[in-house]
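I have placed the structure first, in the form of structure tokens, so that the comments after it can refer back to it.
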Amino acid sequence: MLLGTPALLEDLRRRHRREVGDTSPDSLARYIHRSAIVTLERAERVVTGDRYKIPRLVVEQIMDSATFRARLKEISSANDIPYPEALQRARSCLKELVAVQSKLATDLFAQTMRPLHSSAWTVHADSAQLDSLRQLNRKHPLVFLPSHRSYADALVLNDFLARNDFPRNHIMGGANLKFWPLGPLAKRAGTVFIRRSFGDDEVYKASVEEYFAYLLAKRFNLEWYFEGGRSRTGKLRPPRYGLLNYVASALRSRRVPEIMVVPVSIAYERLHELDAIAHEQRGGKKQAEGLAWLAKYAKAQRLLAGNVYIRFGDPLSMRERLRAAGDPMHAPAPDDDVPALQRKAMQKLAFEIAVSINRVTPITANALVTLSLLGVRDRSLTVGEVMAAIDPVLHYIEQRGVPTGNISVLRSLSGLRAVLADLTTAGVVTTYDEGLEPVYSIEPGQHLVAAFYRNSGIHWFVNRAIVEIAILDAAEIGFTDPLRAEWKYANELRNLLKFEFFFPDRETFEAELVEEMLLIDPLWRERKPSIDELTEALENSGFIMAHRVLRSFFDAQFVVAQRIASKDATESIDKAQLVDECVRVGQQMVLQGQLHGPESISTELFNTALKLADNLGLTPESATDAEDLTRRRTDFSRILAAVVKRIRLAEALDPSNRKVLPGGYS
């Protein structure tokens with residue numbers, strides 16, 4: 001038997017005037033009713049736990065808000081909509097949006113969905129990290145922004161939070177998962193289904209913004225996947241800013257004093273859904289989600305898939321980040337371009353979130369094995385050769401203090417064999433054991449799946465790969481001042497990869513390159529070696545990453561550059577048709593040996609390369625100077641051809657690519 005905290009009627013009247021602004025008796029009665037329910041909920045949570053913290057009577061509270069009603073009056077006036085109609089549409093939008101939660105539905109959803117992940121993975125997470133987040137949550141709302149690699153991401157994360165009695169997040173879900181019976185149950189368990197496109201529906205936009213502000217003001221936590229969809233390549237996708245803008249609006253309108261953003265990395269050893277993703281990347285159509293899809297997915301999830309690692313980045317103060325990035329917040333100067341300042345601040349915040357996710361993402365054993373096997377061309381490796389390729393990478397990881405998963409198993413031949421056997425069972429690696437000893441290679445048709453595992457950790461090696469290409473460029477051109485030559489070319493490479501990876505500002509980037517150079521030659525600053533000596537030090541390191549890390553991205557860019565250069569500069573480019581053409585032509589180039597492997601043939605990589613071409617002004621709707629456009633397209637193709645050539649030189653320096661011939665000759 002529980003008693004809620006009592007309140008004086010005068011106190012309730014005062015709070016009602018402050019929070020709602022409507023002094024009518026009916027409004028006060030509704031406010032007292034809601035307050036009583038919320039008070040009892042708080043008393044119950046002392047017994048049931050914080051995971052049952054749920055909002056009640058949300059639509060009624062928002063529709064009673066004088067601020068929201070004033071906003072609707074402005075919209076009705078500006079858009080020639082009768083005010084009663086605006087009120088009715090807003091109520092309808094809120095009923096569509098609001099997750100009407102219950103304890104029963106929350107538990108039922110958790111029990112129903114748990115088999116979709118509990119049989120597949122063993123979860124590794126530090127529950128101690130939640131203690132500091134719990135303390136922070138007592139003062140501020142939290143916005144969890146995890147990486148997105150699987151349909152199971154939200155299930156894995158929220159099951160971990162619930163088992164540690166953490167308040168359940170309001171998860172912003174895609175409309176593709178709204179189908180019966182999953183959609184209605186998920187909504188009653190805290191999932192908020194938001195339309196993918198609002199168009200010009202100002203009432204719907206206002207309803208979303210008000211709902212976000214309400215949840216944040218009441219310290220309910222939010223969660224969504226700000227990449228806009230699951231990664232198709234294994235690494236982070238560029239962020240989407242839409243929902244972040246709604247959260248920022250709650251700060252700018254002073255509805256909430258502070259919001260803490262929590263970057264989250266969810267890294268899997270293996271995923272059963274990658275065959276479907278690879279099919280899409282080769283130009284196939286995505287299977288629509290529904291009951292048949294769910295049944296197939298549930299069946300696959302019964303199979304073991306190793307470990308999943310949950311890591312939380314340091315919480316970021318949204319208020320501090322936006323102010324530091326130039327967001328005018330509450331007091332913009334009259335001459336400021338406020339939308340431009342806010343947009344730039346949001347981009348900087350999203351960049352910092354992505355960097356924070358990458359910083360805590362661990363490297364797994366499968367990522368290192370696929371990194372090694374994808375780095376060789378047209379041949380299999382013995383377990384000893386795989387270990388020889390991995391050993392210097394393990395040393396580098398230790399030097400850099402990179403977070404890791406279960407990579408310690410790779411330090412023994414038995415552990416490495418076990419990882420290769422698991423990948424063989426999963427169909428990613430093929431094993432031939434009819435000869436003197438087993439040899440391993442990527443299973444035909446599985447290169448994009450293998451690349452997904454590899455790409456989950458390659459952000460740790462991008463700077464090293466850029467330094468290697470820069471050294472080889474300086475050696476080819478014959479520069480005597482490698483510092484100036486390398487950093488200039490390194491920044492050109494950084495510009496080519498800016499839509500694929502998250503790079504810091506130029507000064508920080510160059511400082512990171514210096515750190516990489518000192519790993520190649522610890523005395524580099526003191527003795528100022530010649531470029532020939534640097535090349536020799538690079539070769540002697542036995543650790544060459546350029547061809548393993550960057551080749552598939554530059555190969556895809558090279559294909560796009562060639563196809564664009566072949567087009568008539570006076571004609572517009574149909575981008576969807578161009579991507580389809582790149583898939584077909586790229587496959588031919590792989591068969592002819594002009595590209596390294598099938599992992600470069602990806603619609604995701606081609607679309608990103610096309611985004612780069614757009615940014616460089618190579619795909620305008622109409623050309624004012626066709627001759628100049630043709631020249632710049634040709635130059636772009638030549639630049640990428642030179643990069644591809646230098647990556648092949650890096651491949652030649654890699655000891656694991658030296659084929660051993662009969663008699664011991666290589």
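Rule-based calculations on the coordinates, nothing more; no lab input. Source: prediction; values computed, not measured. Neighbour counts run over all protein chains shown; Cβ positions are idealised from the backbone, glycine included.
The table below gives the values:
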| quantity | calculated |
| --- | --- |
| Counting all C-alpha pairs of the chain, share separated by more than 32 Å (%) | 57 |
| Amide H within-cut-off set for PHE144, under 5 Å, with H built and near neighbours excluded | LEU222, GLU223, TRP224, VAL262 |
| Computed label-point distance, nm, for sites THR48 and GLU10 using a 7 Å Cα→Cβ extension | 3.5 |
| Acute angle (nearest 10 degrees) that the helix 153-163 long axis makes with the longest principal axis of the chain, alpha-carbon atoms | 60 |
| Partners for LYS567 among lysines (Cα-Cα distance below 19 Å; same-chain residues under 8 apart left out) | LYS575, LYS611 |
| Cubic angstrom per residue, convex hull over Cα atoms of region 379-529 | 159 |
| Relative contact order (percent, whole number), the chain, Cα cutoff 8 Å, 6+ residue spacing | 11 |
| Along principal axes, Cα extents of region 135-209, largest first, whole Å | 41, 32, 24 |
| Net lengthening on full extension, LYS528/GLU510 (0.36 nm per residue, minus Cα-Cα) | 4.8 nm |
| Förster-model FRET efficiency, 56 Å R0, GLU621 and ALA298, C-beta, rounded to 0.05 | 0.75 |
| Length gained when the stretch ILE639-GLN347 is fully extended (0.36 nm per residue, less Cα-Cα span) | 102.3 nm |
| Equivalent ellipsoid dimensions for region 588-641 as semi-axes, Å, which come from the Cα gyration tensor, largest first | 25, 14, 8 |
| Using a Förster distance of 35 Å, the FRET efficiency for ARG56-ALA78 (Cβ separation, nearest 0.05) | 0.60 |
| Enclosed volume per residue, in Å³, of the convex hull spanned by Cα atoms of region 294-444 | 198 |
| Isotropically averaged projected area of region 256-306, using the convex hull of Cα atoms (one quarter of hull area), nm² | 6.5 |
| 25 Å tail of the calculated P(r), region 546-666, as % of Cα pairs | 30 |
| With Cα atoms, 0 to 90° folded angle of helix 626-653 axis to the chain main axis | 70 |
| Rg/Rh for region 96-190, where both radii come from Cα atoms and Rh is the Kirkwood radius | 0.95 |
| Given charges at Cβ of Lys, Arg, Asp, Glu: the chain dipole, positive-most of ALA298, LEU87, ALA213 | LEU87 |
| Using a Förster distance of 25 Å, the FRET efficiency for LEU3-SER102 (Cβ separation, nearest 0.05) | 0.65 |
| Distance in nm between pseudo-label sites at VAL355 and ALA576 (7 Å out along the Cβ direction from Cα) | 3.8 |
| Cα point-scatterer Debye curve for region 377-442, base-10 log of I(q)/I(0) at q = 0.12, 0.26 Å⁻¹ | -0.33, -1.21 |
| Label point distance in nm, SER127-ALA175, each placed 7 Å from Cα along Cα→Cβ | 4.0 |
| Whole-number D in µm²/s for region 163-262 (Stokes-Einstein; Kirkwood sum over Cα pairs; 37 °C, 0.692 mPa s) | 220 |
| Cβ charges +1 (Lys, Arg) and -1 (Asp, Glu), total dipole of the chain, debye | 2500 |
| Sequence-distant residues sharing a close amide H with GLY173 (under 5 Å, placed H) | VAL192, PHE193, ILE194 |
